[in-house]
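Report on one structure; see the data block that follows.
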Amino acid sequence: MNNCTLRLVKGDITKERVDAIVNAANRQLLPGGGVCGAIHRAAGEGLAKECREIGFCDTGEAVITNGYNLPTNYVIHTVGPVYSGREEDAKYLSNCYKNSLKLAVKNNLKSIAFPSISTGIFGYPVREASNVALKTIIDFLKENGKPELVEMVLFSNNDFNVYKESLENLISK
Ligand code: ADP
């Protein structure tokens, strides 16, 4: 759309060769578990050090660091909401995607890969989250015409299939 590509990929985000990968971080920007742990393990100690220097990121906000030993130049860290079942969850989740995309554009990055933010340890139901994620990305690309490539990297077959169905539904509307 708008000369940009949105692609769903099944795989491990730490292997993606894009300008930036997005980390589903926590507010303290600590290594932690899930995709965050995997990104820190693959990036090496330099990433944890830079995160310690930044110190904090609020829910829905995003910060950028170098990629260290990752095949990507940058990591954009965004903090998803812990699922509460309240209406505000979707707003915070949408802000994660929007603010990460804004940061990518501000830094002239052409390609960015997202994991499924908040749907692991933070408990956001995947189908609901997929609609928020995809709608936010599509709206951003329609409005801004960049970055050139946005990938959603889904770790399981089930997540991939749910995102695929949601995308098909959104496009056919
Ligand atoms: P959160 O705390 O935001 O819920 P998690 O890391 O627990 O973050 O989970 C977010 C999503 O990332 C989950 O769907 C999980 O399966 C997925 N995930 C875990 N490891 C990887 C990886 N290496 N690449 C891509 N996605 C991953």
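Before moving on, here are some points about what is shown:
- Cross-chain or 6+ apart pairs with Cβ under 7 Å, segment 154-173 first and within 12 Å of SER130 (Cα to Cα) and without any contact (Cβ under 8 Å) to a residue 40 or more places away in the chain, then more than 10 Å from the ligand (Cβ to nearest atom) and of a type in the set (Lys, Arg): VAL162/ARG127; SER166/ARG127; LEU170/LYS135
- Pick from segment 19-38, criterion β-branched (Val, Ile, Thr) and near the ligand (Cβ under 9 Å from one of its atoms), ranking: most open to solvent (accessible area, probe 1.4 Å): VAL35
- Matching option when the condition is at pLDDT 95 or above, surrounded by fewer than 14 Cβ atoms within 10 Å (Cβ to Cβ), out of contact with any Pro (no Cβ under 6 Å at 6 or more places or on another chain) and within 26 Å of ILE138 (Cβ to Cβ), among ARG41, ARG86, ARG52: ARG86
- Counted residues, segment 57-75 - those being closer than 19 Å to ILE121 by Cβ and not small (Gly, Ala, Ser): 5
- Hits in segment 105-118 (condition: of a type in the set (A, V, I, L, M) and more than 16 Å from GLU16 (Cα to Cα)): VAL105, ILE117
- Scanning segment 103-144 for residues that are more than 16 Å from the ligand (Cβ to nearest atom), out of contact with any strand residue (DSSP E or B) (no Cβ under 9 Å at 6 or more places or on another chain), of a type outside the set (Asp, Glu) and in a helix (DSSP H, G or I) returns VAL105, LYS135, LYS142, ASN144.
- Qualifying residue in segment 109-129 (condition: touching a helix residue (DSSP H, G or I) at 6+ places or on another chain (Cβ under 7 Å) and open to solvent by 70 Å² or more (accessible area, probe 1.4 Å)): yes
Conditions (1) farther than 24 Å from ASN157 by Cα; (2) within 13 Å of the chain's Cα centre (by Cα); (3) in contact (Cβ under 8 Å) with a residue 12 or more places away in the chain, marked per residue:
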{"position": "GLU16", "(1), (2), (3)": "no, yes, yes"}
{"position": "PRO31", "(1), (2), (3)": "yes, no, yes"}
{"position": "GLU53", "(1), (2), (3)": "yes, no, no"}
{"position": "ALA62", "(1), (2), (3)": "yes, yes, yes"}
{"position": "ALA90", "(1), (2), (3)": "no, no, yes"}
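- Residue within segment 98-105 that is open to solvent by 10 Å² or more (accessible area, probe 1.4 Å), touching a helix residue (DSSP H, G or I) at 6+ places or on another chain (Cβ under 9 Å), aliphatic (A, V, I, L, M) and more than 24 Å from ASN157 (Cα to Cα) present: yes
The values are calculated or read from the model by the stated rules, or taken from the named source; none is laboratory data. These numbers come from a predicted model, not from an experiment. Note: ideal-geometry Cβ built from the backbone for every residue, glycine included; neighbour counts use all protein chains shown. Heads up: the accessible areas ignore ligands, DNA and RNA and are worked out on the full protein's heavy atoms, side chains in. Shrake-Rupley method; radii C 1.70, N 1.55, O 1.52, S 1.80 Å.
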